[in-house]
1. How long is the gain from Ala72 to Ala35 if the chain were fully straight, where each residue apart is worth 0.36 nm and the alpha carbon distance is subtracted?
2. List the trypsin sites (Lys or Arg not before Pro) within segment 99-149 that fall in a DSSP loop (any state other than H, G, I, E or B) and whose Cβ has at most 11 other Cβ atoms within 10 Å.
3. Under 8 Å for C-alpha pairs, at least 6 residues apart: give me the relative contact order for the chain, rounded to a whole percent.
4. Mind putting a number on the dipole of the chain about its Cα centre? Charges go on the C-beta only, +1 for Lys and Arg and -1 for Asp and Glu, and I need it in Debye to the nearest 20.
5. Binning at 5 angstrom from zero up to the longest distance, how are the C-alpha pair distances of segment 31-74 distributed in percent?
6. For Arg95 and Asp118, what is the calculated FRET efficiency with R₀ set at 25 Å and r taken between the beta-carbons, to the nearest 0.05?
7. Tell me, what ³J(HN,Hα) does each residue in segment 58-73 have, in order and in whole Hz, if you take phi through Karplus 6.51 cos²θ - 1.76 cosθ + 1.60 with θ = phi - 60° and put x for Gly and Pro?
8. What is the Å³ per residue value for the convex hull set by the Cα atoms of the chain?
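Values in this text are rule-based calculations from the coordinates and carry no lab data. Note that this is a predicted model, so its numbers are computed, not measured. Cβ: placed from backbone, ideal geometry, glycine included. Neighbour counts: every protein chain shown.
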Amino acid sequence: MRYGSLAERILYLMARSNSKSEYAERINWPSWLWAFLAVMVGSIYLTIWAPFGHLSAALISLLITICLIYSAKKTALEIVLVNDWFYAADAKIQRKYIKKVSALDKKQFIKLRGPDADPAAFNATRFWVNTGVKIELNDKKDPTPYWLVSSKKAKQLATKLN
């Protein structure tokens with residue numbers, strides 16, 4: 001059986017081995033974002049339908065919808081902690097290089113994502129998630145000061161990483 005996402009592949013391999021998953025989370029697009037995009041696709045349909053007719057409007061709307069579904073699958077944030085490796089999006093780090101992990105509430109997360117952001121930091125954030133973790137690193141070879149990762153279960157993730 002073939003699995004597409006990183007989290008699915010890791011969880012499948014863990015089930016086949018004797019390892020255990022310590023944490024796994026997938027952050028998809030929220031339903032309010034899908035509703036907004038559906039309204040936008042509907043308005044595009046009407047804009048194209050008026051001068052060109054139903055067929056052109058339906059084809060373009062279908063193409064836009066397919067692109068949105070593809071984008072939603074590619075931009076889902078997958079967070080996995082397994083066998084002393086932490087995966088966030090396309091990045092991974094061994095637990096021994098993690099110095100400190102702090103769970104951030106909404107106010108702290110937004111501040112660190114905005115005015116207090118470090119340009120050298122790694123960001124695995126999604127704008128619709130207002131909590132997350134700050135993972136400070138102690139790898140002398142890596143100039144990245146910290147990772148900022150969105151998580152709906154920030155306290156649980158911070159506990160697992162510490």
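1. That pair, Ala72 and Ala35, stretches by 12.0 nm at full extension.
2. On the way: sites: Lys99, Lys100, Lys106, Lys107, Lys111, Arg113, Arg126, Lys134, Lys140, Lys141; in loops: Arg126, Lys140, Lys141.
Filter output for segment 99-149: Lys140, Lys141.
3. Working: 221 pairs, mean separation 32.8, N = 162.
Relative contact order comes out at 20 percent.
4. Result for the chain is approximately 480 debye, rounded to the nearest 20.
5. Calculated P(r), rounded to whole percents: 6, 24, 28, 22, 12, 6, 1.
6. 0.70
7. For segment 58-73, the Karplus-derived couplings read 5, 5, 5, 5, 5, 4, 5, 5, 5, 5, 5, 5, 4, 4, 5, 5 Hz, x marking Gly and Pro.
8. Cα-based convex hull of the chain, divided per residue, equals 149 Å³.
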